[in-house]
1. Collect residues whose amide H, placed 1.01 Å from N in the peptide plane, falls under 5 Å from the amide H of K144; neighbours closer than 5 in sequence don't count.
2. Give me the accessible area of I190, 1.4 Å probe, in Å² rounded to the nearest 10.
3. Please report, in debye to the nearest 20, how large the charge dipole of the stretch 105-168 is about its Cα centre when each Lys and Arg carries +1 at its beta carbon and each Asp and Glu carries -1 there.
4. So what is the relative contact order of the stretch 45-190, in percent, for Cα pairs below 8 Å that sit 6 or more residues apart?
5. If ligands, DNA and RNA are left out, what is the accessible area of H183 with a 1.4 Å probe, given in Å² to the nearest 10?
6. Which sequence of W186, W88 reflects their accessible areas, 1.4 Å probe, from the largest down?
7. Amide H to amide H under 5 Å from F86: which residues, 5+ apart in sequence or cross-chain, H placed 1.01 Å off N in plane?
8. Using DSSP H assignments, which helices in the chain have an axial alpha-carbon span of 27 Å or above and a mean Kyte-Doolittle hydropathy of -1.0 or higher?
Amino acid sequence: MSFFDSLLGRTRPAPSRLEQLFAMSTAYITLQAKLELRSSGGAGICFKPVTSSVYGQTEREIDDLLKVSSGATGSKIRTITDEFGFRWIVVEDPDFEDLVTTIHMVSQTLQENGFGDQLLAALFQFLDSRNLPLFWVYSYKRGKFYPFVPAGSGTQRDNASELHLRSVMEGELPIEPELERWHPLWGIPI
């Protein structure tokens, strides 16, 4: 931040942190063994698109990379714009490593082209022993994960399960320590 930005009270968004995203790959073994969670085969990345020719070129680059990636891995990929105008790239693949790698590739492409501040979150969907979905959310701005466990229908969440997941995974994943930053994400298209 420059002197004038400080003087005038302007702030810049925190840069996106991609380095911790791969922690999910190594944590997957613990998620299976200690928590009896299994990947649903779905993951997604959520970001805010912008209107510019540079962004349009970046989006075409991402589409090309996803075509090559899905051809090599067999992943199914779809792009969705939600009711709030956020763009989702949803990846379906039974191979968990492919999910993590594809999410990282999209994130890195956006960041390399100057759109890292548009990244909101990456989500990995899991199923518990009762076959109920839950998510591990990666906040790009914080470089941390947190669990999100929807409870039933509507906009209820299972806070007890979220706290239990945190306590088991604290040594495996960089967990967001501030609970007020554990934002629920309703209507996830995964």
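1. Here S139 satisfy the definition.
2. Probe radius 1.4 Å; accessible area of I190 about 40 Å².
3. Details: 6 positive and 5 negative charges, 31 e Å.
With Lys and Arg at +1 and Asp and Glu at -1, about 160 debye.
4. Details: 182 pairs, mean separation 26.5, N = 146.
Rounded, it is 18 percent for the stretch 45-190.
5. For H183, solvent-accessible area is about 100 Å².
6. Numbers: W186 90, W88 10 Å².
Sorted by accessible area, descending: W186, W88.
7. Those lying under 5 Å, H to H, from F86: there are none.
8. Numbers: long enough: 53-73 (30 Å, -0.45).
For the chain, where a helix must reach 27 Å along its axis and average at least -1.0, the hits are 53-73.
The values are calculated or read from the model by the stated rules, or taken from the named source; none is laboratory data. Just so it is clear, the model here is predicted, and its values are computed rather than measured. When we count neighbours, we look across all protein chains shown, and the Cβ atoms used for this are built from the backbone with ideal geometry, even at glycine. Note: accessible area is taken over every heavy atom of the protein model, side chains too, but ligands, DNA and RNA are not part of it. Shrake-Rupley method; radii C 1.70, N 1.55, O 1.52, S 1.80 Å.
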